[in-house]
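Accompanying notes for the structure given below.
The values are calculated or read from the model by the stated rules, or taken from the named source; none is laboratory data. A quick note: this is a predicted structure, and the numbers were derived from the prediction, not measured. Note that we place each Cβ from the backbone using ideal geometry, even for glycine, and neighbour counts take in every protein chain shown. Surface areas here come from the heavy atoms of the whole protein model, side chains and all, with no ligands, DNA or RNA. Shrake-Rupley method; radii C 1.70, N 1.55, O 1.52, S 1.80 Å.
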Amino acid sequence: MAAQLSVLVVEDHDMLRNAMVSALNNAGHSAKGVFSAEDVDDTTSLQPPDLYVIDLNLPGEDGLSLSKRLRESHPRVGIVMVTARSEIKDRISGYESGADIYLPKPVDPEELLAAIQAVAHRVRPVPNECTLTLDALKLKIRGPAGEAGVTQSESNLISAFVRAKGEQLERYQVANSLCVNGEVLNATSLEVRLSRLRKKLNQVGADEPTIKAIRGLGYKLCISVAIS
């Protein structure tokens, strides 16, 4: 089954931008379009999309600069660069800036969709199919590789993730779940406790990532957990 991605198209030509956004949405992706690199910062201030489609010749900051900046700040994000420049040196510059794929204009919609699907295997890996089981009464987490004991606070956090929309919690919610006797966790203490829990999840057979930090939002449980 094809991966469905959130995509931001950065293209200053209105008709081309609208055509690409329409093709992507019709294919099941969640796509939006912006006019310039400056608009990208306003659109993705909280959470970046899975993939960017970037025109090389943008007004203001050009596509090469934008691609390089995005690759540095979000190493796993997908970048497909589209441009009328087709010389070898231009393609090399595109790849050196961080692009996964470089497509010459005019871009055929089917080729664009195929390119995005190829990048999707990296930016949106096939999710871990194994389901862990949390025994909230006995404070045990079980998986295909065995079982491990969890603390009451770790059990509370896993349960909160499972109940939350999108299995995602804000940072303060994670901290509250992991607190013991009213203590206040600083950033370092929070990461230490999350690291311990991640190790236990790995120990019983879960693949990485198990609990992923989402910049500006909090954390997301990336594995399937049933509560008994």
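At-a-glance table
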{"item": "Residue list for segment 64-85, filter: more than 21 Å from A118 (Cα to Cα) and among the small types (G, A, S)", "result": "S65, S73, A84"}
{"item": "Matching residues in segment 179-223 - criterion: being among the hydroxyl-bearing types (S, T, Y) and surrounded by 15 or more Cβ atoms within 10 Å (Cβ to Cβ)", "result": "T210, Y219"}
{"item": "Residue within segment 52-63 that is outside any helix (DSSP H, G or I), surrounded by fewer than 19 Cβ atoms within 10 Å (Cβ to Cβ), without any contact (Cβ under 8 Å) to a residue 24 or more places away in the chain and among the small types (G, A, S) present", "result": "no"}
{"item": "Some residue of segment 113-131 being in contact with a Lys or Arg (Cβ under 7 Å, 6 or more places away or on another chain), farther than 25 Å from S224 by Cβ and at pLDDT 85 or above", "result": "no"}
{"item": "Identity of the residue in segment 135-158, among the β-branched types (V, I, T) and under 28 Å from the mean Cα position of the chain (by Cα), that ends up nearest to S228 (Cα to Cα)", "result": "I141"}
{"item": "Those strands (runs of 3 or more DSSP E) lying entirely in segment 81-156 with at least 2 residues open to solvent by 60 Å² or more (accessible area, probe 1.4 Å) and in contact with a strand residue (DSSP E or B) (Cβ under 9 Å, 6 or more places away or on another chain)", "result": "140-143"}
{"item": "Every residue from segment 21-65 that is modelled with pLDDT of 90 or more, under 12 Å from V10 (Cα atoms) and hydroxyl-bearing (S, T, Y)", "result": "S36, Y52"}
